[in-house]
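Structure, as structure tokens:
The values are calculated or read from the model by the stated rules, or taken from the named source; none is laboratory data. Quick caveat: nothing in here was measured; it's all calculated off a predicted structure. Every residue, glycine as well, gets a Cβ built from its backbone with ideal geometry; the counts of neighbours run over all protein chains shown.
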Amino acid sequence: MPMETITDLDLKRAGFYWREIDGVRALICAPLEDDGFTNGFSTRLGGVSPMPQAALNLAGFNEDAAENILENRRRFLKLFSGEWSLGGCWQMHGTDIRVIRDAAEAKPAENSLGDTIYCDAVVSDAKQVLAGVKTADCVPILIGDPETNSFAAVHAGWRGTYAGIVLYALERLTNEYKARTETCRVAIGPAAAACCYEVGSEVIDGFKERFPGADELFTPTREGHARIDLFKANRDQLLAAGVADDRIHTAPLCTMSRTDLFFSYRREKQLHGKVGRLMAVIGRRGEKRGTGEKGKRGKG
Ligand SMILES: [Zn+2]
């Protein structure tokens, strides 16, 4: 199905809906929310950054004014009920993981605007903590375990996917909080999808060496090149680890196809010189199920 024609019904079938306040819009995974997790994948809509205009750029202090990013974050966080401390990391395309014990620990170090801890996934079970990862084409993955209230935000580009970052995050939830893989629910957010994301032979060969059945991840394009399906690659890893098929929800949205909604490094870097950053966040819901944020649902 062409990405341009994704309807709200298509989104609903996939387990997602839009939430919008004052022009700021995010994609919410409904089953993850129903399991007790505040969550959202940001869009570029409703911000103040000149990227190229009115963009909700949520990171990258070297490419945008700090006041813009902080105002955009304030607007983004307004989509979620309650008080939150946002905990992220300086992403490296690796497999290191940050554990956040409490809301105070989530905040960036004093005198630093951006994140100073180097890793590619953030896990926690603390109240009022929003674990977040930044992307612009890479795959954002949110995991929540309703039995232990533990959760993770994962950044998986092709390097992270190749390295199995989502499995490291799952393992950390298991070891740190006694989460069971079978009860975990996963939302895979908007990213460069198989319709657009072309890679070269070094990526293709690497994946084929490491993963049995990797042939299915690739659609050949020209000599030495193919489009890669990173959604499926991560989904396959989750399934192999024991996550239930019906507990993995994949957003049917490609960042490269939908630059009207999302930032895309591959589409915009050459065009504008700089590219905004999206953010995917997850935290424990403070209020009882069926109250609070559900009231905000409904914007199409
Ligand atoms: Zn696409």
Please give the strands (runs of 3 or more DSSP E) falling wholly within the range 212-289 in which 1 or more residues are among the basic types (Lys, Arg), modelled with pLDDT of 95 or more and closer than 25 Å to residue 168 by Cβ. 278-284
Determine, yes or no, whether residue 184 is of a type outside the set (S, T, N, Q) and modelled with pLDDT under 95. no
Hey, among 8, 64, 34, which residue is out of contact with any Phe, Trp or Tyr (no Cβ under 8 Å at 6 or more places or on another chain) and more than 21 Å from residue 265 (Cβ to Cβ)? 34
Restricting the range 203-242 to residues that are in contact (Cβ under 8 Å) with a residue 40 or more places away in the chain and touching a Phe, Trp or Tyr at 6+ places or on another chain (Cβ under 9 Å), the one surrounded by the most Cβ atoms within 10 Å (Cβ to Cβ) turns out to be 230
Residues (surrounded by fewer than 17 Cβ atoms within 10 Å (Cβ to Cβ) and in contact with an Asp or Glu (Cβ under 6 Å, 6 or more places away or on another chain)) located in the range 254-273: 266
Residues that are of a type in the set (Lys, Arg) and closer than 16 Å to residue 278 by Cβ: list the helices (runs of 4 or more DSSP H) wholly contained in the range 19-129 that include at least 2 such residues. 66-77
Are any of the residues in the range 196-218 within 15 Å of residue 142 (Cα to Cα) and either in contact with a strand residue (DSSP E or B) (Cβ under 8 Å, 6 or more places away or on another chain) or within 14 Å of the ligand (Cβ to nearest atom) (or both)? no
Is at least one residue of the range 149-170 β-branched (Val, Ile, Thr), assigned to a strand (DSSP E or B) and within 16 Å of the ligand (Cβ to nearest atom)? no
Would you please name the residue that is nearest to residue 92 (Cα to Cα), looking only at residues in the range 108-161 that are among the basic types (Lys, Arg) and surrounded by fewer than 22 Cβ atoms within 10 Å (Cβ to Cβ)? 159
I'd like to know if the range 4-27 contains one or more residues that are modelled with pLDDT under 95, among the small types (Gly, Ala, Ser) and in contact with a strand residue (DSSP E or B) (Cβ under 9 Å, 6 or more places away or on another chain). no
Of the residues in the range 209-229, those that are farther than 23 Å from residue 250 by Cα and in contact with an Asp or Glu (Cβ under 9 Å, 6 or more places away or on another chain) number 3
Which of (1) touching a residue at least 40 places away in the same chain (Cβ under 8 Å); (2) within 20 Å of residue 235 (Cα to Cα) is the odd one out, the single condition residue 129 does not satisfy? (2)
Only listed residue being on the phi > 0 side of the Ramachandran plot and buried (at least 21 other Cβ atoms within 10 Å of the Cβ), chosen from 47, 60, 15: 15
Can you work out which of the residues in the range 183-195 that are hydrophobic (A, V, I, L, M, F, W, C) and crowded, with 20+ Cβ neighbours inside 10 Å is nearest to the ligand (Cβ to nearest atom)? 193
I'm told residue 21 meets every condition in (1) in contact with a Leu (Cβ under 6 Å, 6 or more places away or on another chain); (2) among the β-branched types (Val, Ile, Thr); (3) surrounded by 24 or more Cβ atoms within 10 Å (Cβ to Cβ) except one. Can you identify the failing condition by its number? (3)
